[in-house]
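Reviewing the structure listed below.
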Amino acid sequence: MLAVEERPVIEAARRNLSVCVLDEQSNQADLTTARLQKAGFPAVGTTHPEDALQTVRTGACRVVVADVKTPGTDGLKFLEKTLQCDPGMFVVLVTGYYSVDAAIEAIKHGAYDYLCKPVNYERLLKALDDLAERFTQRSQIRDLEDKLLDNLLFHGIVGRSPAMLEVFDLASKIARHYTNVLITGPTGCGKELIARAASDESSGAGTLRRVQLFGAG
């Protein structure tokens, strides 16, 4: 039983993980799709491998749950084609003839998981929830990186080291309180960039009037 506070988090994560279900039997594809939709995953189902591949190509799903036995192909061939379309796709293969050796072979070829029929939906949901959590974490990391990058930008200059952050802070202070500034340093150290940034920083305050560069280059 999920704790009450966990449910909104899991539900939100599931909404961000789209799934395509491929099964040669239309009733099975419909059943799995309906169960995933009821659990909160955006899901579509098909009996045609090419339709599933097209869903992958268009970026309409992040996970494919595919029956190993599909018309005109087999699970490993479909897996290979899927990963060719999108190397970042996650594929869960489902089979009525499960064996440990087959599961190991599928994982070696890039399958995320390998399940036997009839599908254990608790196991399937657990696998998808793990992926949903991973996608949520990646999204949060990207958001933090974007915010961090904004904080590390100083008038178009990107700096991550403590020394550069100290230079940004010093240039900002100087631009607000000094009218003349001398910037020194060797060739290629970025004197012109700092001079331009300091001038831009001063534009609102109107204090900095003259910036002089000194040093080779």
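Things to note:
- Summed over the stretch 48-69, the residues that are buried (at least 19 other Cβ atoms within 10 Å of the Cβ) and not aliphatic (A, V, I, L, M) give a count of 5.
- Scan the stretch 56-90 for residues that are closer than 19 Å to residue 31 by Cα and within 23 Å of the chain's Cα centre (by Cα) and the total you get is 5.
- Taken over the stretch 25-79, the criterion of being without any contact (Cβ under 8 Å) to a residue 12 or more places away in the chain and small (Gly, Ala, Ser) is satisfied by 34 alone.
- Applying the condition of being in a helix (DSSP H, G or I) and modelled with pLDDT of 70 or more to the stretch 1-20 and asking which residue is surrounded by the fewest Cβ atoms within 10 Å (Cβ to Cβ) yields 8.
The values are calculated or read from the model by the stated rules, or taken from the named source; none is laboratory data. Keep in mind it's a predicted model, so treat the numbers as computed, not measured. Here the Cβ is made from the backbone with ideal geometry for all residues, glycine too, and neighbour counts use every protein chain on show.
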